[in-house]
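Everything below concerns the one structure shown next.
The values are calculated or read from the model by the stated rules, or taken from the named source; none is laboratory data. In this text the structure is predicted, and so the values were computed from the model without any measurement. Cβ coordinates were reconstructed from backbone atoms using ideal geometry, including for glycine residues, and neighbour counts include every protein chain displayed.
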């Protein structure tokens, strides 16, 4: 997968992915060998780590890393038009590696991943942790997950939440106060949403611009999404919130999407006013699981994400695709 990704970045076809540095293909080979092949990382994780918030297969975690790497490198190659050095390239790699491979661990195993894998096994370029960190309780100890790469200084910087200004009228149940946790989650959501719509013209692959937040009740998943959405430019981006429940059926989901789009031309439906639209699916795990272990409401959701189309619900049009 990394070889294909590196080849795509070197390919000057469309959609063009600008390189951070002319040598990055060689760097990707070196880092793939250092962080995946040589330590047989997934074998080690299987034997030593088991506390997942949600387990994902190896191929999904590698795909997540490639998506996040693409988005993070894009900031330098496209937005800043900057050539990145080898040290910075690896720091960004380590940031994406940590979140993609271990981001779904519980807090205790994230810390173990930092010390046992990144620090001791891989000797990765990590942030400087303040003295006395080892004496703190596990829940308060810092790790690589508490830092990101500052694009200005090219060094590790700890997460700092945005300054909060209280509204004129305070309704406590509706207060959204940014924290370090919400800030770092928003950062990843924003990065992934900045990916190109088309991932590969040759392979007919759409871009993966979607993020799934997982966690137990009360971990501020909904609040994080709402804080992220509050920063949209309303002239360019709309927001539609759909709450799933045990009784949400596929046609309920499709009708909710259909209500937000209009026919643009003979073959395309899109939000009105040439805006883009972000769909927030709240409680996405709730729809009924049938006797075969399927959640059919999530299947039509996957269809829209993967294929970017539905089939028409109207009787006379059934079987015809409706591109969104």
With criteria (1) surrounded by 13 or more Cβ atoms within 10 Å (Cβ to Cβ); (2) in contact with a helix residue (DSSP H, G or I) (Cβ under 8 Å, 6 or more places away or on another chain); (3) modelled with pLDDT under 95, residue 270 comes up short on (2)
Members of the range 286-305 found to be farther than 17 Å from residue 255 by Cα and exposed (fewer than 12 other Cβ atoms within 10 Å of the Cβ), listed by number:
290, 291, 292, 293
Qualifying positions in the range 232-250 - touching a residue at least 12 places away in the same chain (Cβ under 8 Å) and part of a loop (DSSP other than H, G, I, E, B)
232, 235, 236, 244, 245, 246, 247, 248, 249
Of everything in the range 48-62, what is within 15 Å of residue 102 (Cβ to Cβ) and in a helix (DSSP H, G or I)? Give them in sequence order.
48, 58, 60, 61, 62
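Suppose the filter is over 30 Å from residue 4 (Cα atoms), in a loop (DSSP other than H, G, I, E, B), modelled with pLDDT under 95 and not assigned by TED's automatic domain parsing to the domain that holds residue 105; does residue 219 pass it?
Working: over 30 Å from residue 4 (Cα atoms): yes; in a loop (DSSP other than H, G, I, E, B): yes; modelled with pLDDT under 95: yes; not assigned by TED's automatic domain parsing to the domain that holds residue 105: yes.
Taking the combined requirement at face value, the residue satisfies it.
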Identify the single condition in (1) modelled with pLDDT of 95 or more; (2) part of a helix (DSSP H, G or I); (3) surrounded by fewer than 19 Cβ atoms within 10 Å (Cβ to Cβ) that residue 125 does not satisfy, given that it satisfies every other one.
(2)
Of the residues that make up the range 89-109, is at least one touching a strand residue (DSSP E or B) at 6+ places or on another chain (Cβ under 8 Å), over 19 Å from residue 208 (Cβ atoms), assigned by TED's automatic domain parsing to the domain that holds residue 141 and surrounded by fewer than 19 Cβ atoms within 10 Å (Cβ to Cβ)?
yes
The number of residues in the range 251-267 that are surrounded by fewer than 12 Cβ atoms within 10 Å (Cβ to Cβ) and not in a strand (DSSP E or B) is 4
Is there a residue being at pLDDT 90 or above, within 30 Å of residue 80 (Cα to Cα) and surrounded by 14 or more Cβ atoms within 10 Å (Cβ to Cβ) anywhere in the range 37-57?
no
Pick from 33, 18: which is under 30 Å from residue 201 (Cα atoms) and either in contact (Cβ under 8 Å) with a residue 12 or more places away in the chain or not in a helix (DSSP H, G or I) (or both)?
18
Scan the range 224-250 for residues that are surrounded by 13 or more Cβ atoms within 10 Å (Cβ to Cβ) and over 21 Å from residue 189 (Cα atoms) and jot them down.
248, 249, 250
Taking the criterion of being under 28 Å from residue 55 (Cα atoms), out of contact with any strand residue (DSSP E or B) (no Cβ under 9 Å at 6 or more places or on another chain) and part of a helix (DSSP H, G or I), would at least one residue in the range 160-179 satisfy it?
no
So, in the range 307-319, of the ones that are surrounded by 11 or more Cβ atoms within 10 Å (Cβ to Cβ) and not in a loop (DSSP other than H, G, I, E, B), which residue ends up nearest to the chain's Cα centre (by Cα)?
307
